[in-house]
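Below: one structure, written as structure tokens.
Every read-out reported here was derived from the displayed coordinates using simple, explicitly stated rules and does not represent laboratory data. Please read all numbers here as calculations on a predicted model, not as lab measurements. Here the Cβ positions follow ideal geometry from the backbone for every residue, glycine too, while neighbour counts run over all protein chains shown.
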Amino acid sequence: MIGLEPGTTVADALHRITARLAAAGCVSAQAEARWLLEEVLELPAGGLAARRREPLPPQAAGALEAMVERRAGGEPLQYVIGWAPFGSLRIEVGEGVFVPRPETELVADRAAGHLRAAAGPATAVDLCTGSGAIACFLREAVPGARLLATEVDRAALAWARRNLGDRDVELLEGDLDEPLPEELHGRIDVLVANVPYVPSGQIPLLPHDVRVHEPLVALDGGAEGLDVIAQVVERAGRWLAPGGWLVCEIGDDQGDAATALLEKAGFEEIAVMPDLTGRMRMIEGRWPQ
């Protein structure tokens, strides 16, 4: 425990939490300590500066002790606070669901751009929706589109239901495209997918919080990491409308292999694009007109 006794100031709490998380191996200990404090004190990002000299409220100290120990024990920070940022959204997360990453926001934004450009009433499908982050993003970005999302894992499906709430998204249980209605054959304008793409042999090398807590079904992409992506690419043509787009997140060393998959399937205008750090983490292709 970090010993947040009565009278501990916010500044001292930040120092102690940072030290505890650093000792536990958290590489961004100070940033995480700030996030925990802001969450418990219900402050906006960057809001600690004005409160540094104030004592922690007793109830905040107790909550922080528990949260810091959970994080130091290896739980993902987003599980500890109960949500992850995704664009302007707060996506609820916890045990049993993959935590949305910042790089996936670019995938969602790219899909939204294609959806806005579609002629007439547009339709998009988010395969392997997980927490529902991409589907929620698309609903906010393109209010008039028809949106569907699929998920095979029941734990993740429960989180998707919570996040989608009363948003107008058709959430379907099943693997990849299997639960999609037949009426959508050749009528989908955008298929977007953040499917498992970590090679099986690399799973033991992932950070502890990812490897132990996040669901394996959302991570393991087979021997080369391309098993699920290959299925998506192979099946996409039967669903996409002429000129429709497939947008997928990929590993940063999978661009050439993923490009070959799309070329073999008949896609055009194939492009591999970088994330915010310059790593090539997204591929898209257009179905022939």
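Charging the Cβ of each Asp and Glu at -1 and of each Lys and Arg at +1, and nothing else, the dipole of segment 182-253 about its Cα centre rounds to 160 debye.
Derived scalar couplings between HN and Hα for segment 23-35 equal 5, 7, x, 6, 6, 10, 4, 5, 4, 5, 4, 4, 4 Hz in order, rounded to whole Hz, by the Karplus curve 6.51 cos²θ - 1.76 cosθ + 1.60 (θ = phi - 60°), x for Gly and Pro. Label-to-label distance, A23 versus R162, with points set 7 angstrom from Cα along the beta-carbon direction: 3.1 nm. Residue order for E269, E42, fewest other beta carbons within 10 angstrom first, comes to E42, E269. Note on the chain: dipole from Cβ charges, positive end direction compared against A72, V210, G266; the farthest Cα belongs to A72.
Under 5 Å between amide hydrogens, built in the peptide plane, is the criterion, and for G225 it picks out S200 among residues at least 5 positions away or on other chains. Each eigenvalue of the Cα gyration tensor of segment 10-73, multiplied by 5 and square-rooted, gives one semi-axis; in descending order these are 18, 13, 10 Å.
If only the Cβ of Lys and Arg carry +1 and only the Cβ of Asp and Glu carry -1, the dipole of segment 10-73 around its Cα centre is close to 160 debye. Looking at segment 241-289, the trypsin sites (Lys or Arg not before Pro) that sit in a DSSP loop and have at most 15 other Cβ atoms within 10 Å of their own Cβ are R279. Cα-based values for segment 57-182, radius of gyration first and Dmax second, are 16.5, 57 Å. In this structure the amide hydrogen of W83, modeled in the peptide plane, comes within under 5 Å of the amide hydrogens of V93, none closer than 5 places in sequence on its chain. Residues whose amide H comes within less than 5 Å of that of V247, counting only those at least five positions distant or on another chain, are L191, V192, A193 (H built at 1.01 Å from N in the peptide plane).
Listing S28, S200, S131 from fewest to most neighbouring C-beta atoms within 10 Å gives S28, S200, S131. Between the beta carbons of D253 and A223, assuming R0 = 22 Å, the FRET efficiency works out to 0.95 to the nearest 0.05. R116 to Q30: FRET efficiency via 1/(1 + (r/R0)^6), r the Cβ-Cβ distance, R0 35 Å, to the nearest 0.05? Efficiency for this residue pair is about 0.35.
Beta-bridge orientation, segment 96-286: approximately 35 percent antiparallel, per DSSP, counting only bridges with both partners inside.
If you put +1 on each Lys and Arg Cβ and -1 on each Asp and Glu Cβ, how big is the dipole of the chain around its Cα centre, in Debye rounded to 20?
Details: 26 positive and 44 negative charges, 160 e Å.
My answer is approximately 780 debye.
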